[in-house]
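Notes for the one structure printed next.
The values are calculated or read from the model by the stated rules, or taken from the named source; none is laboratory data. Worth saying up front: this structure is predicted, and the values here are computed from it rather than measured. Neighbour counts run over all protein chains shown; Cβ positions are idealised from the backbone, glycine included.
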Amino acid sequence: MTIKPLQIGLLGIGTVGKGTFDVLLRNAPEIQRRAGRLITVAMVADLDIARAKTTVGDSAVVVNDARAVIANPAIDVVVELIGGYGLAKTLVLEAIAAGKHVVTANKALLALHGSEIFAAAQARGVMVAFEAAVAGGIPIIKALREGLTANRIQWVAGIINGTTNFILSEMRDKGLDFDVALKQAQALGYAEADPTFDIEGVDAAHKATLMSAMAFGIPVQFDKAYVEGITQLGAADIKYAEQLGYRIKLLGITKRVPSGIELRVHPTLVPAKRLIANVEGAMNAVMVHGDAVGTTLYYGKGAGSEPTASAVIADLVDIARLSQASPAQRVPPLAFQPDAMSDLAVLPMSEVTTSYYLRLRVADQAGVLARVTGILADAGISIDAVLQREADEVGGEGATSTDVIILTHDTQEGTMNNAMALMQALPTVLAAIVRIRKEELS
Ligand code: NDP
Ligand code: HSE
């Protein structure tokens, strides 16, 4: 018996939509042999009908009204590739209500409204799949949800935004200015429609939020994530970090600690000898530490047309295989059964424990370092290393100020905040103290 093709409706045929269409067509026989049935794009909705028609030719019906796709009873799966969380949310909920399975690459939508969307899908007995939403082409959702299912996961840390990793790599390797590197990332199709989501860490926080929910079986809680991007990062700190044996990466981190869950995105010093420290350009990498497996590392393209399409199509194949299965036999969207979610609290940043890189611009005078280290000692913050630059090297011949760089051992962020306030108040500390968090990832 021949099984009828799985009929797809694409909402949006931009960067990822075009990649999905092209790869589905190019690899159709291979994909069919895996899925057990043909997967066909039957309908496409895009605002730019002429451009969409150029891409799909006569192979699919092209419309400019996404609701026409949802209303078509022949469509089995709606693939939302429009982006944003306004109209996209409405369309996804309407598709679910119409009994369609949904595939989306939209991490912003799921990080903010995932709980509502997954609950609606469960009630309607349809699947919502989102492999492309985290780390593009890397099958990290599959790994967290299925491959590592035996483990009590302890932490996840990843370079999960290609745009910022590209910018940091270009700044470090080629000495490019931030703005030039950002423009290149946009031209290459890596950046979000609103690139502030990339550079301010919001996109990485969307992805970290989803991984946190899947790693620990907690609801998606983007509003609890600590988010800091790369816009305040100075070239001097990239250089000093190198001298101390570290690279600076924008990491999304989520950890299980005795008091709850840490969920944070910020520039991070990572030992240069770690594999993840050497992930360059728009590439992504995610480390997951489970109690049974130890540390695992997943690496690949986290953005771009066909790498992201690869993940979208993996979801389509899952749906092709599982659409006839009863909902109870399917893999739950957040890895844990919906009635077995935990209410472990996401900790405020002040309760997070990590180590630090501090850079202080200080007057080049006797006793300055002693006063700074005295404040740290009084706060119970242990120093790991200190680097003091020659004043001439920092400010040129005759300079009267210099940089002191301090690496600390682990301490609570709240304790560090208090110590920084005291150090900042010293008259010999001449500029805002730079603080970058440090993770050994061992
Ligand atoms: P694009 O902007 O390239 O594509 C979006 C498409 O949707 C455009 O063709 C746009 O048309 C169309 N569109 C906008 N509004 C509507 C509407 N109301 N009805 C129908 N079509 C509409 O975005 P991407 O392909 O880059 O991203 C899509 C999603 O994938 C986003 O959620 C993004 O975060 C996610 N993603 C993207 C990755 C990437 O590498 N680009 C990687 C991983 C995830 P028009 O251009 O005319 O406005
Ligand atoms: N803007 C994102 C990035 C796209 O740069 O990684 C992939 O989600």
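The table below lists the values:
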| quantity | calculated |
| --- | --- |
| Condition broken by residue 432, with the remaining ones in (1) without any contact (Cβ under 8 Å) to a residue 24 or more places away in the chain; (2) among the hydrophobic types (A, V, I, L, M, F, W, C); (3) buried (at least 18 other Cβ atoms within 10 Å of the Cβ) satisfied | (3) |
| Which numbered condition residue 335 misses (of (1) in a helix (DSSP H, G or I); (2) crowded, with 18+ Cβ neighbours inside 10 Å; (3) not hydroxyl-bearing (Ser, Thr, Tyr)) | (1) |
| The one condition in (1) among the charged types (D, E, K, R); (2) within 11 Å of ligand 1 (Cβ to nearest atom); (3) within 22 Å of residue 311 (Cβ to Cβ) that residue 48 fails to fulfil | (3) |
| Residues of segment 72-87 satisfying the condition of being free of Cβ contacts under 8 Å to residues at least 40 places away in the same chain and within 25 Å of residue 318 (Cβ to Cβ) | 73, 85 |
| The listed residue being more than 16 Å from ligand 2 (Cβ to nearest atom), closer than 22 Å to residue 136 by Cα, crowded, with 17+ Cβ neighbours inside 10 Å and under 30 Å from the mean Cα position of the chain (by Cα), out of 103, 78 | 78 |
| Any hit, segment 245-265, residues being closer than 16 Å to residue 108 by Cα and at pLDDT below 90 | no |
| Residue in segment 357-369 that is at positive phi, out of contact with any Ser or Thr (no Cβ under 7 Å at 6 or more places or on another chain) and among the small types (Gly, Ala, Ser) present | yes |
| Hits in segment 188-232 (condition: out of contact with any Ser or Thr (no Cβ under 9 Å at 6 or more places or on another chain), closer than 30 Å to residue 149 by Cα and within 10 Å of ligand 2 (Cβ to nearest atom)) | 206, 207 |
| Check on residue 178, within 16 Å of ligand 2 (Cβ to nearest atom), touching a helix residue (DSSP H, G or I) at 6+ places or on another chain (Cβ under 8 Å) and either among the hydroxyl-bearing types (Ser, Thr, Tyr) or over 27 Å from residue 329 (Cβ atoms) (or both) | yes |
| Looking only at segment 345-404, and only at residues there that are of a type in the set (Ser, Thr, Tyr) and surrounded by 15 or more Cβ atoms within 10 Å (Cβ to Cβ), the one that is farthest from the chain's Cα centre (by Cα) | 401 |
| Tabulated pairs, segment 164-178, first under 18 Å from residue 265 (Cβ atoms), second in a helix (DSSP H, G or I), C-beta under 6 angstrom, 6+ apart or interchain | 164/198; 166/185; 167/181; 167/182 |
